[in-house]
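Comments concern the structure below.
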Amino acid sequence: MAYNTLKQDIIDYAEKIGIDKIGFGSVDPFTQMKARLKAQQEKNYQSGFEKGTIEERTEPAMHLTGAESIISIALAYPSRLTDRPANKRGARRGNVCRASWGVDYHVVLNEKLNRLHAFLENRVPGFRSKIMVDTGELPDRAVAERAGIGFSGKNCSIITPEFGSYVYLGEMITNIPLEPDEMLEDGCGDCTKCIDACPTGALVGPGQLNTTNCIAFLTQTKDYLPDEFRSVLGNQLYGFDTCQLVCPYNKGVDFHLHEAFEPKPDLAKPELLPLLTISNREFKETFGEMAGSWRGKKPLQRNAILALGHYREVSSIETLATLMRKDPRPVIRGTAAFAIGKIGREDSYELIREAMIKEEDATVMKEMEKGLEFEAIYADNGKLKARTE
Ligand code: B12
């Protein structure tokens, strides 16, 4: 088999089916990554979203008998939204990160990789592969770095010279020996813009993230959002882009190469209030296609409640009060109580006190008390008066 010609055929075919960048790497163990993952585990910096043991994450050969090479792919996604819906009083909107605009990238990249598999299966007798996109064991970034897709930035992201870091990654382990590509040189130099801009200090060093402080991670948790992150969250509903937005490699980068990734303005900036009462079926119908719905509606609703509190959106009090009294989920009841207190309408504190009489959950009671604390804060600095006029 002429593997060099085959490699070029793969590159050509990839371009034809809309793969924006392709690279090739060996199946050698990722020894440096092994050490990084160990360090990350020791410091409790992991998110819990990673799959597999450290060995499974760093030894590609464990996932395919006769593994010989890895094909890494990248697809560019847009960074600018045209027709931004207005975020105005009475109809406040939240913010969804760019990687969750449009159709879920897992679907799109898996489809491309499956087509690539079919292409190879037709040409190479006995061809086998193992495809991974995000949810597989292999760290997609380390694979892409090795295959020369991009360099590993201080913001952790793989930064490509062509599309900045606004690329999704995926890979295919194959049983055919394809010539590996060269890695790219580090391109961050002395720049520390992402580290400096991270509002929670989650980027503890170049390429090193304390996930537990990362807003992108925190938007995906299901429990109460820890107090110290509530004001930083602002109107963010899912994911976070600051460490990419400030990156000089992303300046002016905005590729619209895939219809599937085109953002729907109402989903990229969803209205907050309707999200609070959405049924499971409606949620699936409306948000089911976006990557950010993978944790269900609860984290998004919790974040929407905090966003309404952040805006001190007086018109949301009735809905929040109903949630505080009736929602079966303590996190939603408690977060609603907190937001009602933060909004600080004249009757906010009476509403909380009334609900406290019936509340039996200790965690919710704690949030109610936090909500009540705003009464004194606003009374002291006169803001309560200004809001209710
Ligand atoms: Co995410 N996520 N994620 N994610 N996530 C993935 C990394 C991936 C690859 C998904 C995909 O496209 N298939 C893309 C990245 C695309 C790209 O790099 N261009 C992705 C995206 C798009 C995002 C967000 C941009 C989404 C958003 O909110 N807008 C943010 C970016 C946050 C950030 O990393 N700065 C995001 C957030 C998250 C959370 C929920 C926070 C967690 C933790 C992220 C993290 O570890 N940095 C998260 C996870 C868990 C993953 C997942 C499932 C595993 C990542 C992982 O293994 N982390 C991958 C998919 C996958 O790989 N299977 C997607 C462990 C660390 C050690 O690994 O970040 O991949 P790593 O490591 C690289 C660098 O950090 C660096 O080297 C590694 C190789 O490049 N590095 C260095 C690590 N340690 C050290 C130490 C030193 C000294 C140095 C110099 C470098």
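Rule-based calculations on the coordinates, nothing more; no lab input. Bear in mind that the values here come from a model prediction, so they are computed numbers and not experimental data. For neighbour counting, all protein chains shown are included, and Cβ atoms are generated from backbone atoms with ideal geometry for every residue, glycine included.
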Given the options CYS191, CYS214, CYS97, state which has the largest fluctuation in a GNM of the chain using a 10 Å cut-off (strictly under) for Cα springs.
CYS191
Give the list, by residue number, of cysteines in the chain with no other Cys Cβ closer than 4.7 Å, or say none.
CYS97, CYS156, CYS188, CYS191, CYS198, CYS214, CYS247
Loop by DSSP (not H, G, I, E, B), at most 10 other beta-carbon atoms within 10 Å: where is the longest site-free stretch of the chain for trypsin sites (Lys or Arg not before Pro)?
90-250
Name the residue from SER157, VAL143, ASN114 whose Cα lies farthest towards the positive end of the charge dipole of the stretch 3-174, charges +1 on Cβ of Lys and Arg and -1 on Cβ of Asp and Glu.
SER157
Quick calc, VAL204 & LYS88: beta-carbon distance into FRET formula, R0 35 Å, rounding 0.05, result 0.40
Counting each DSSP H run of 4 or more residues in the chain as -39500 (n - 2.57), what helix-only mean residue ellipticity at 222 nm follows after dividing by all residues, to the nearest 500 deg cm²/dmol?
-12000 deg cm²/dmol
Sorted largest first, the C-alpha extents of the stretch 3-174 along its principal axes in whole angstrom are 62, 44, 25
Checking a compactness column here: for the chain, what do you get for Rg(Cα) / (2.2 N^0.38 Å), N being the number of residues?
1.11
What distance in nm lies between label points placed 7 Å from Cα along the C-beta direction at GLU262 and ASN280?
3.3
Mean-square fluctuation check for the chain, GNM, Cα pairs under 10 Å: which of GLU171, GLU137, GLU259 is largest?
GLU259
Net dipole in debye of the chain [+1 Lys, Arg Cβ; -1 Asp, Glu Cβ; about Cα centre; nearest 20]
940
On the formula 1/(1 + (r/R0)^6), with r taken between the Cβ atoms of LYS193 and THR135 and R0 of 25 Å, the FRET efficiency rounded to 0.05 is 0.25
Assuming R0 = 45 Å, what is the FRET efficiency of ILE11 and GLU369, from their Cβ-Cβ distance, to the nearest 0.05?
0.15
